[in-house]
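Notes follow the structure.
The values are calculated or read from the model by the stated rules, or taken from the named source; none is laboratory data. Quick caveat: nothing in here was measured; it's all calculated off a predicted structure. Quick reminder, even Gly has a Cβ in these numbers, built from the backbone with ideal geometry, and neighbours come from all protein chains shown.
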Amino acid sequence: MNRPLRTLVADNNTLTFYGLPQILDEGQYVLLPDFARSYQEAYDYCREHMPDVLVLAGQLTRPYPEAVIGRFRQEFPTMRIVYVDDSDNDALDNRLMSLGVAGFLRHDAPLAAWERCFRVIADGGVYRREFQPDNSPPNPTTLTELSTRERDLLQCIQKGLNNREIGIQMGLSEATVRNCLTALYTKLGVSGRTQAALWALQAGIQGTDEDSDDFELGNP
């Protein structure tokens, strides 16, 4: 790939809106500053930014998804479209694929599926929905099973704090922070900070002051 692909998001789903920036590899994809929240906004932003990839929510294309996709393909023939919809309509997927849609995902698809989709898109392929369970080990951990410290760590990650800043925030040494994060990643079944941040988002933890009503950063 000669340069990072520029991605525009047209989806008002919280997971996509906040989680996608944490999935995409900055060395491979660059998210544009605008997040379109309607079909018309998406169209206008595409004309302004000419993105390489459009992440398009199925709900924004109704009631005529084929017509909407057809218009995008006609106006932006080189742009790759990732269609995100939870209806599991295989017949519609086939029709949209024939119109040039390059990726199909559900909002609740595993993180690994989102990552695979964008790798396939980057390589010029077409990614279909995965109806079979993900091959990664099951992760039964729920928010209620996390300790206060583990929740605090996730909130710090959501805020984008590095290990040193987390240590200052929580009164821990950097070495302790590293050890705690390693144990937390294992517990959640994730491979690192990015996936942990998205896990936290899916669980309802966000690194903003609004979370303080639910729990506060406390002493270790």
(request) Answer with yes or no whether Tyr64 is out of contact with any helix residue (DSSP H, G or I) (no Cβ under 7 Å at 6 or more places or on another chain), hydroxyl-bearing (Ser, Thr, Tyr) and touching a residue at least 24 places away in the same chain (Cβ under 8 Å). (result) no
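With respect to Arg37, determine if the residue is more than 19 Å from Arg193 (Cα to Cα) and over 20 Å from the mean Cα position of the chain (by Cα).
On the way: more than 19 Å from Arg193 (Cα to Cα): yes; over 20 Å from the mean Cα position of the chain (by Cα): no.
Criteria not met by Arg37.
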(message) Considering only residues that are at pLDDT below 90, in a helix (DSSP H, G or I) and touching a strand residue (DSSP E or B) at 6+ places or on another chain (Cβ under 8 Å), which ones fall in the stretch 95-116?
(response) Ala113, Trp114, Arg116
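Out of the residues in the stretch 31-56 meeting the condition of being hydrophobic (A, V, I, L, M, F, W, C) and more than 24 Å from Gly125 (Cα to Cα), tell me which one is modelled with the lowest pLDDT.
Keep residues of the stretch 31-56 that are hydrophobic (A, V, I, L, M, F, W, C), which gives 31-32, 35-36, 42, 46, 50, 53-56.
Retained after the next criterion (residues that are more than 24 Å from Gly125 (Cα to Cα)): 35-36.
Working: Phe35: 79, Ala36: 83.
Here the answer is Phe35.
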(request) Answer with yes or no whether Asp93 is surrounded by 14 or more Cβ atoms within 10 Å (Cβ to Cβ), over 17 Å from the mean Cα position of the chain (by Cα) and farther than 19 Å from Ala36 by Cα. (result) yes
(request) Name the single residue, out of those in the stretch 1-22 being of a type in the set (A, V, I, L, M, F, W, C) and surrounded by fewer than 20 Cβ atoms within 10 Å (Cβ to Cβ), that is modelled with the highest pLDDT. (result) Leu5
